[in-house]
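Written out below as structure tokens is the structure these notes cover.
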Amino acid sequence: MRLILLGAPGSGKGTISEVLVDKLHLFHISPGELLREEVRKQTTIGKEIAKYIEKGELVPNKFVVEMVKLEIGKRKDFVLDGFPRSVEQAKEIKDLKIDAVISLEVPEKVVIERFSGRRTCPKCNAGYHIKYIPPKKEGICDKCGERLIQRKDDAPQTVKERFKVYHKETAPLVEYYRKRRLLHQIDASSVPEEVSATVLELIKTLKKK
Ligand code: AMP
């Protein structure tokens with residue numbers, strides 16, 4: 001299965017991706033994670049792109065598109081989480097066979113609340129929420145034992161900018177994929193277990209077709 005997850009910042013793309021990796025063994029391709037890794041390692045690219053991520057802006061295509069294409073090229077089944085983020089990026093992968101595009105729909109006020117409690121593992125990228133997806137031991141990653149952090153770009157001012165960018169650049173992809181008959185819209189405002197159950201059910205139906 002080759003899936004694209006669409007959704008505003010905080011809509012749960014990362015969390016649902018983790019479930020799809022776990023249950024369906026899809027390979028997770030997240031440009032956000034790949035880019036943050038470059039920043040962490042302070043590579044040449046990392047030094048150039050840090051400012052975009054910190055401001056909540058999209059990293060220019062020249063850094064992202066080839067990076068993602070390289071990852072896609074190696075895989076048969078995958079879930080794309082955070083790519084494409086613009087119609088221009090979608091056009092870059094227009095010849096790629098995609099089974100479905102799942103749009104996670106959440107009202108903005110729910111997402112704002114999610115951000116305040118969001119925690120991330122800087123080592124293995126696992127995502128948590130202090131209320132909805134708490135780690136077993138407070139502040140510590142269940143998977144690798146690393147201390148959890150709040151992502152720099154989860155700060156309120158940056159979140160605001162990320163929303164602005166989402167509405168301008170990414171939201172038009174809903175119509176783009178609807179026209180191509182690939183779009184499936186899911187109410188993603190409830191707890192992670194419910195949303196993932198809905199997504200898994202949808203995928204089951206798609207597989208039968
Ligand atoms: P994410 O982890 O998906 O929330 O992405 C975090 C940040 O990485 C975004 O706010 C952008 O700065 C950058 N980023 C992630 N995916 C893309 C993309 N497809 N195109 C450009 N920038 C991206």
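The values are calculated or read from the model by the stated rules, or taken from the named source; none is laboratory data. Note that the coordinates shown come from a computational prediction; the quantities given were computed from them, not determined experimentally. Every residue, glycine among them, receives a Cβ derived from its backbone with ideal geometry; neighbour counts consider all protein chains shown. Just so you know, the surface numbers come from the protein's heavy atoms only, side chains and all, with ligands and any DNA or RNA stripped out. Shrake-Rupley method; radii C 1.70, N 1.55, O 1.52, S 1.80 Å.
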Segment 76-92, residues that are out of contact with any helix residue (DSSP H, G or I) (no Cβ under 7 Å at 6 or more places or on another chain) and open to solvent by less than 70 Å² (accessible area, probe 1.4 Å): 77, 80
Number of positions in segment 28-46 that are near the ligand (Cβ under 10 Å from one of its atoms), charged (D, E, K, R) and either farther than 16 Å from residue 149 by Cβ or buried (at least 18 other Cβ atoms within 10 Å of the Cβ) (or both): 1
Any hit, segment 122-144, residues being free of Cβ contacts under 8 Å to residues at least 12 places away in the same chain, among the hydroxyl-bearing types (Ser, Thr, Tyr) and out of contact with any helix residue (DSSP H, G or I) (no Cβ under 8 Å at 6 or more places or on another chain): no
Test: residue in segment 17-25 that is open to solvent by less than 20 Å² (accessible area, probe 1.4 Å) and farther than 21 Å from residue 128 by Cβ: no
Hits in segment 48-75 (condition: surrounded by 12 or more Cβ atoms within 10 Å (Cβ to Cβ) and under 18 Å from residue 152 (Cα atoms)): 48, 49, 50, 52, 53, 54, 55, 56, 57, 58, 59
When residues of segment 165-202 are limited to those that are over 16 Å from the mean Cα position of the chain (by Cα) and at pLDDT below 95, the one most open to solvent (accessible area, probe 1.4 Å): 193
Matching residues in segment 77-120 - criterion: being without any contact (Cβ under 8 Å) to a residue 60 or more places away in the chain and of a type outside the set (Ser, Thr, Tyr): 88, 89, 91, 92, 93, 94, 95, 109, 113, 117, 119
